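Let me begin by presenting the structure, written as C-alpha cells, before commenting on it.
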Amino acid sequence: MNLALTPENLILAALAIPTLAALLIPLCHRAPNLREAVTLISAGMLAIVVWHLLPHVMAGGRPEVALFRILPGVDLAFKVEPLGLVFALVASSLWPINSIYSIGYMRGNGEPRQTTFYVCFAVAIASALGIAFAKNLFTLFIFYELLTISTYPLVTHKGSEEAMQGGRVYLVLLLATSMVLLLPAIIATGVVAGTLDFAPGGILAGKLSPLLLGALLALYVFGIGKAALMPFHFWLPAAMVAPTPVSALLHAVAVVKAGVFTVLKVVVYVFGLDVLSKSGSSEWLTYVASGALLLASLIALMQTNLKARLAYSTVSQLSYVILAAALATGAGAMGGALHIVMHAAGKITLFFCAGAIYVAHHKTEIHQLDGIGHKMPITMFAFLIGSLSVIGLPPLGGSWSKWLIGLGSVDAGFSFVIGVLMLSSLLNVAYLMPIVARAYFVPSPGEQRPPGDGRMQEAPIACLVPMVCTSLLCLILFFFAGDVERLIALAIAKP
Amino acid sequence: MSSIEAHLPILQVLVPLFGALVSAFFRRGVFAWAVALVVSWACFFISAWLLVKVMQTGQTLSYVMGGWSVPQGIEYRIDVLNAFVLVLVTSVGAVVMLYAKRSVAHEVDTHRQAWFYTMYLLCLTGLLGITVTGDAFNVFVFLEVSSLATYVLIALGRHRRGLLASYQYLIVGTIGATFYVIGIGLLYVVTGSLNLGDIAERLGPASADYSRPILAGLAFLTVGICLKLALFPMHVWLPNAYAYAPSVATAFLAGTATKVAVYLLLRIYFTLFGKAFTFAQLHVAEVLLVLSVAAMFLASFSSVFEQHAKRMLAYSSVAQIGYITLGISIANQLALAGGIVHLFNHAVTKAALFLAMGAVFYRTGTLRIDDFAGLGRKMPLTMAAFVIGGLSIIGVPGTAGFVSKWYLAIGALEKGYWPLVFVIMLSSLIAVVYIGRIVEAAYFREATDRVASVREAPASMLVPLWILTAATVYLGIDTRATADVALSAAKMLLGGGR
C-alpha cells in the first residue's frame with residue numbers, strides 16, 4: 001500500500017484517525033490524561049489532514065477512494081468535492097477546540113463515564129467525515145445513521161430520567177425521519193436515476209415530472225431530520241439535556257451541520273440547481289423554510305432557559321440554509337454553504353458561553369443571568385461576539401452569509417425573502433441582545449454591590465481559551481469570507 | 001473421498017440420525033453434548049461442501065436412494081436454494097452447540113440432559129431432511145420427525161408453562177402436518193406421483209381436468225405450511241413456545257424451524273406449482289400480502305408491550321417472518337431475493353439475540369425486562385451483542401437486517417407498490433421501541449439487588465454469541481455470500497426452477 005501523502009490516502013487517513021482514536025481511548029480508560037491526549041492528538045492530526053486536502057481541491061482535483069462493494073451497484077466510496085470539504089473543514093477544525101472545552105467542562109463538573117463520552121465523540125466525528133466525503137447517497141446514509149447512533153449515548157450522558165426521555169425523542173425522531181422518509185427517497189432516486197452517485201448538475205435531469213420532483217424533494221428535506229426543518233425539529237430542544245460540549249457538537253460541529261450539508265448536497269448534486277429552478281419544484285420549500293425560520297425565532301423569544309433559546313435559534317438558523325438551498329440558484333447555494341461555516345463559529349461560541357456559565361455558577365435560566373457580566377466579563381463578551389455574528393452584523397462573519405442569501409433570493413425572484421431575513425434579524429436581536437445587556441447593565445438579584453467591583457468568577461481556563469478562539473474566528477471569518485466563497489464557488493460551477 | 005462425496009446428500013441426514021441414536025445411549029449430559037457438537041460440525045461441513053459443489057457446477061445435484069429410480073424411488077435434489085438453507089441450518093446448529101454445554105446444564109434437569117441432545121439431533125435430522133429431499137411424502141416424514149422432536153425440546157425446560165406451550169404447539173403442528181399430507185394426497189391422486197419434480201411436470205396436463213383438486217391441494221399445502229411458518233394469524237403457538245423452551249432450544253428453533261418451513265413454501269409455490277399457477281389461480285399474492293403486513297405491524301406492537309424478554313423477541317420473529325412472506329407475495333426477482341436473504345439474515349440475528357438472553361438468564365435467573373436494570377455495566381459484552389442484534393432487527397445500515405429491507409423495498413418499488421416501501425420502513429420503526437426498552441433498562445437504570453452480583457457470561461457462551469453477532473455485521477457489509485446467492489435462487493425459482 002502506498003503510504004505517500006496522496007489525496008486518496010489523505011481521505012483514508014481522515015476516516016481512519018477518529019476511528020483509531022475511538023479504539024484507543026477505551027484502552028486508556030485508567031489514565032485520564034493519556035486518554036485526553038489521544039483525543040487531542042487525533043483531533044490535531046485530523047485537522048491537519050483535512051486542511052491538506054484543500055490545495056488539491058482548489059486546484060480542481062476531486063480525489064476519490066472506493067472501499068468495497070456492499071450491494072450490487074452500490075459501493076462504500078468516497079470522493080472529495082468542494083462542498084464536502086467545507087463541511088469536513090468545519091468539523092475537523094472545531095473538534096480540537098471542542099475537545100479542549102470538553103476536558104475543561106467534564107473535569108470541572110466531575111462528570112461520570114468520561115471514557116464513553118470521548119469514544120462516542122470520536123465515532124461521531126468519523127461519521128461526520130464519512131458524510132462529508134461520501135461519493136454516493138448510500139455511503140452518506142450509512143454514516144448519517146452511524147452519526148445518530150453514536151450521538152445517542154452522548155445526548156443521554158447524564159443518565160437521568162430526563163436525559164433518557166430526551167434521548168428517546170432524539171433517537172426516535174431522527175431514526176423515524178431517516179428510515180421512513182430519507183431511505184425511501186434514496187431508493188426511489190436509485191430506481192429512477194439508475195445510480196446513487198453524486199454528480200455535478202444532478203442525476204435526475206429529465207427523469208421526473210415537476211410534481212414528482214417536488215414530492216421527492218419533500219421526502220429528502222423532511223427525511224433529513226438532522227436539518228431540523230419544522231415540524232421535525234423537536235429532537236433539537238429535546239437534546240438540550242446533554243452536557244454542553246455535546247450541545248456544541250450537535251449544534252455547531254457535526255450533527256445539524258451534517259443535516260443541512262446533506263440538504264445542500266442533495267439539492268446541488270442529486271437534483272441539480274438548474275433542474276430545480278427550471279421546474280420550480282423547490283418553490284414550496286422557500287415558503288416552508290421561511291415560515292419555519294420565523295416561527296422558530298418567535299419560539300426562541302419565549303424560552304426562559306438559555307440552552308433552549310439557543311436550540312430554537314439553531315432551528316431558525318438551519319432554516320436559513322434550507323431556504324438558501326430552496327432558492328435553487330448559485331448565489332443561494334453559496335450563501336447556504338457559507339452560512340454553515342458562519343453559524344458553526346457563532347453558535348459554538350454561544351454554547352461555550354452557556355456551558356461556562358453553568359460550570360462557574362450553575363445557572364441555566366436567562367433571568368438568573370442579570371449582572372453576571374461583571375463576574376464573567378470574558379464569557380459575556382464572547383457571547384456578545386457570537387450573538388452579533390448570529391444576528392448578522394458586520395464585522396462578523398454572519399453578515400456575509402445573510403447578504404449572499406439575500407442576493408440569491410433576488411436572483412431567484414423571491415424578493416419577499418429579503419423581508420423575511422430582515423424580520424428574523426430583528427427577532428435575533430430581540431432574543432439575544434437582552435441577555436448581553438442585562439448581564440452587563442442590570443445588577444444581579446440579591447447582590448447589593450455596585451457593578452465593577454472587580455470580583456471575577458470566570459470559568460476554568462480550559463473553557464475560556466476555546467471560547468475566545470471561536471469568537472476570534474467569527475471575526476476572522478468576516479475577512480476571509482471571500483476565500484471560503486471561492487472554495488464553494490467551485491462546487492456550483494458549471495461542469 | 002469421492003465415494004463420500006457421491007453420498008453427501010444422504011449423509012447430510014444419516015449423520016445426525018445416527019448421532020441421535022448414539023446420544024440416546026448416554027446418561028451423562030456432557031457426553032451427549034460432545035456427540036451433538038461433533039455431529040453438528042460434521043453436518044456443517046457436509047452442507048458447506050454441498051453448497052460449494054452446487055455453486056461450482058451450477059447444476060442441481062440429484063441422488064436416488066438405493067438406486068431406485070425416479071418416480072418410484074425417493075430422490076434427493078439439491079440446488080442453490082436448498083444448499084443455502086442447509087448451510088444456514090447447520091451453521092446455526094454448530095454455533096449454538098458450542099454455547100449449549102453450560103446453558104443446557106443450567107436449564108435442564110440432570111437426568112434429562114442427554115435426552116435434550118438426542119432430541120436436538122433428531123430435530124436437526126428432520127429439518128435437514130425436509131430441506132434436502134425431493135420427495136413430497138419424504139418431506140412429511142421429516143416434518144413430523146422434526147416437529148415431534150421440537151415438542152419434546154420445548155417441554156424439557158424447568159418452566160411449567162413449557163409443557164403447556166409444547167402441547168399447544170403439538171396440536172397446532174399436527175394440524176399443520178395433517179393439512180400438508182392432505183394436500184400431498186390430493187396431488188398424488190391427480191398426478192400419481194410423489195416426486196416433486198415429477199408432480200410439477202404432470203400438473204400441467206392434469207390441470208385442465210382436475211383443476212378443483214389441484215387448487216384444493218394448493219390451499220391445504222399453503223395453510224399447513226403457514227401454520228408451521230407462524231404466519232399471522234397462525235402464529236399463536238410461537239410466542240409461548242419460544243418463551244418457555246430452554247434457551248438453546250429457542251435459539252436453535254428461531255434460527256431454523258420457521259426458515260425451513262419458508263423454504264418448503266418456496267418449493268411448493270415455485271418449483272411444484274410454478275409462479276403462474278400459484279399467483280394467478282389462488283390469489284396467493286393478495287392473501288400473503290395482507291397477512292404479511294398484518295404480521296409486520298401487529299406482531300411488532302405485541303412486542304412493545306411484552307415484559308418477558310424471550311416472548312418479546314418471539315413476537316418480533318413473527319413480524320420478521322412477515323417480511324419474508326412479503327417478499328414472496330411481491331414475487332419479482334428483487335423482492336423474492338429480499339425475502340430469501342432475510343431468511344438467512346434473520347436466522348443469524350435472532351439466534352444471536354436469543355443466545356444473549358440465554359446468557360442473561362444463566363447469570364441472573366430472570367427474563368423480565370424490568371430486572372435487566374443495570375446489566376449494561378454488569379454484562380457489557382452480552383448487552384453490546386444484544387444492541388448490535390437489535391440494530392439489525394431495526395434495519396440500520398451496516399447490519400444484515402438492512403440488506404433484506406433494501407431488496408424488499410426496491411422489489412416493491414419496481415412492481416409499482418410504492419406505499420409498501422413506507423409500510424416496510426414504518427414497521428421497522430416499531431422495533432426501535434421494543435429494542436430501546438431493553439437498552440434503556442440495561443444502560444439507564446441502576447442495578448437492582450437481584451442483579452447486583454452478576455458477572456459477565458462465561459467465555460463458552462460469549463464466543464458463540466459474538467460469532468453470530470459478528471456475522472450479523474459482516475453480512476450487512478459483505479453481501480456477496482448471502483444476497484448474491486439469494487438473487488440467483490430467486491431467479492431460478494421464478495424461472496420455473498427445476
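Read-outs: derived from the displayed coordinates by stated rules, not from any lab. Predicted, not measured: the structure shown is a model, and the values here were computed from it. Backbone-built Cβ (ideal geometry, glycine too); neighbour counts: all protein chains shown.
Taking a ≥ b ≥ c as the square roots of the eigenvalues of the Cα gyration tensor, region B:393-498 is classed as oblate, since a/c reaches at least 1.5 and a/b does not exceed b/c. For the pair B:Ala219 and A:His52, label points projected 7 Å from Cα toward Cβ lie 7.3 nm apart. Average projection, convex hull of the Cα set of region B:86-216: 9.0 square nanometres.
For region B:295-447, the alpha-carbon coordinates run over 50, 23, 20 Å along the three principal axes, in decreasing order. Modelled this way, with points 7 Å down the Cα-to-C-beta line, the labels at B:Val287 and A:Val465 are 7.3 nm from one another. Distance from a point 7 Å along Cα→Cβ of A:Ile476 to each backbone N in region A:333-367: keep the residues under 16 Å and list them by number. Taking a point 7 Å out along Cα→Cβ of A:Ile476, the residues of region A:333-367 whose backbone N falls under 16 Å are A:341-349.
Taking max minus min of the alpha-carbon positions on each principal axis, region B:439-489 gives extents of 53, 26, 16 Å, largest first. Annotation: amide H-H contacts under 5 Å for B:Ala373 (H modelled 1.01 Å from N, sequence separation of 5 or more, or interchain): B:Thr448.
Footprinting exposure proxy ranking of B:Ser302, B:Ser2, fewest other C-beta atoms within 10 angstrom first, gives B:Ser2, B:Ser302. Can you tell me how region A:260-324 classifies by the Cα gyration tensor, rounded, prolate or oblate, using a/c under 1.5 as the rounded cut? Judged from the Cα gyration tensor, region A:260-324 comes out oblate (a/c at least 1.5, b/c at or above a/b).
Quick one: length gained pulling A:Lys207 to A:Arg486 fully straight, 0.36 nm per residue minus the C-alpha distance?
In short, 97.3 nm is gained.
Peptide A:176-183 has a mean of 6 when you count, residue by residue, the C-beta atoms of other protein chains within 10 Å of its C-beta. Ranked for footprinting exposure by Cβ neighbours inside 10 Å, fewest first, B:Leu187, B:Leu462 give B:Leu462, B:Leu187. Working from the Cα coordinates of region B:1-63, the gyration tensor eigenvalues give, after taking √(5λ), semi-axes of 28, 11, 8 Å in decreasing order. Bridgeable lysines around A:Lys402 (alpha carbons under 18 Å apart, same-chain partners fewer than 8 residues away excluded): A:Lys257, A:Lys347.
In summary, chain B shows an alpha-carbon radius of gyration equal to 0.92 times the 2.2 N^0.38 Å reference for compact globular proteins. Using a Förster radius of 30 Å, what is the FRET efficiency between B:Asp449 and A:Glu458 based on their Cβ-Cβ separation? Nearest 0.05, please. Efficiency for this residue pair is about 0.10. Segment B:His111..B:Met55, full-extension length gain: 15.7 nm, with 0.36 nm per residue of separation and the alpha-carbon distance subtracted. Pairs exceeding a 25 Å alpha-carbon distance, out of B:Lys228/B:Lys350; B:Lys275/B:Lys415; A:Lys79/B:Lys491; B:Lys415/B:Lys491; A:Lys278/B:Lys405: A:Lys79/B:Lys491; A:Lys278/B:Lys405. In the protein assembly as shown, taking the dipole from charged Cβ atoms about the Cα centre, the farthest positive-side position among B:Val35, A:Ala331, B:Ala452 is held by B:Ala452. Over the residues of chain A, the helix contribution to mean residue ellipticity at 222 nm works out to -23500 deg cm²/dmol, using -39500 (n - 2.57) for each DSSP H run of at least 4. Between helix A:416-441 and chain A there is an angle of about 20 degrees, using the helix long axis and the longest principal axis of the Cα atoms. For region B:60-161, the fraction of alpha-carbon pairs lying more than 16 Å apart is 64 percent, rounded to a whole number. Taking every alpha-carbon pair within region B:373-452, the share separated by more than 19 Å comes to 48 percent.
Working note: Cα atoms of region B:158-202, range along each principal axis, descending, whole Å: 49, 15, 9. At full extension, B:Leu494 and B:Gln72 could sit 149.2 nm farther apart than now, given 0.36 nm per residue minus the alpha carbon distance. Distance between the pseudo-spin-label points of A:Leu301 and B:Val433 (7 Å out from Cα toward the beta carbon): 3.8 nm. Close amide-amide hydrogen proximity is noted between B:Val64 and B:Tyr76, each under 5 Å apart and 5 or more residues distant or on a separate chain (H modeled in the peptide plane; Pro and chain starts excluded).
So what does log10 I(q)/I(0) come out to for chain A at q = 0.06, 0.07, 0.08, 0.10 Å⁻¹, using the Debye formula with one equal point on every Cα and no solvent? Each listed q maps to, in turn, -0.24, -0.33, -0.44, -0.70. Within the protein assembly as shown, the ratio Rg/Rh, alpha carbon atoms throughout and Rh by Kirkwood, equals 1.03.
Can you say what percent of the DSSP beta bridges in the protein assembly as shown, counting only those with both residues inside, are antiparallel? Round to 5. Restricted to the protein assembly as shown, the bridges split so that about 100 percent are antiparallel. Helical runs assigned H by DSSP (4 residues or longer) give chain B a calculated mean residue ellipticity at 222 nm of -25500 deg cm²/dmol, each run adding -39500 (n - 2.57) before division by the residue total. Only aspartates and glutamates eight or more places from B:Lys53 in sequence, or on another chain, were considered; those with a Cα closer than 19 Å are B:Glu5, B:Glu75, B:Asp79, B:Asp484. Taking only alpha carbon atoms, region A:329-444 gives an Rg to Rh ratio of 1.07, where Rh is the Kirkwood radius.
P(r) tail, region A:60-148: Cα-Cα pairs separated by more than 23 Å, 35% of all pairs.
What FRET efficiency would be calculated for the residue pair A:Ala215, A:Thr195, taking the C-beta separation as r and a Förster radius of 22 Å, to the nearest 0.05? Between A:Ala215 and A:Thr195 the formula returns 0.65. Let me know the shape class of region B:1-107, please: from the alpha-carbon gyration tensor, a ≥ b ≥ c as square roots of the eigenvalues, rounded when a/c is under 1.5, otherwise prolate if a/b is greater than b/c, or oblate. It is prolate, given that a/c is not under 1.5 and a/b is the larger ratio. Note on region A:99-168: Rg/Rh from Cα positions, Kirkwood definition for Rh, rounded to two decimals, is 1.06.
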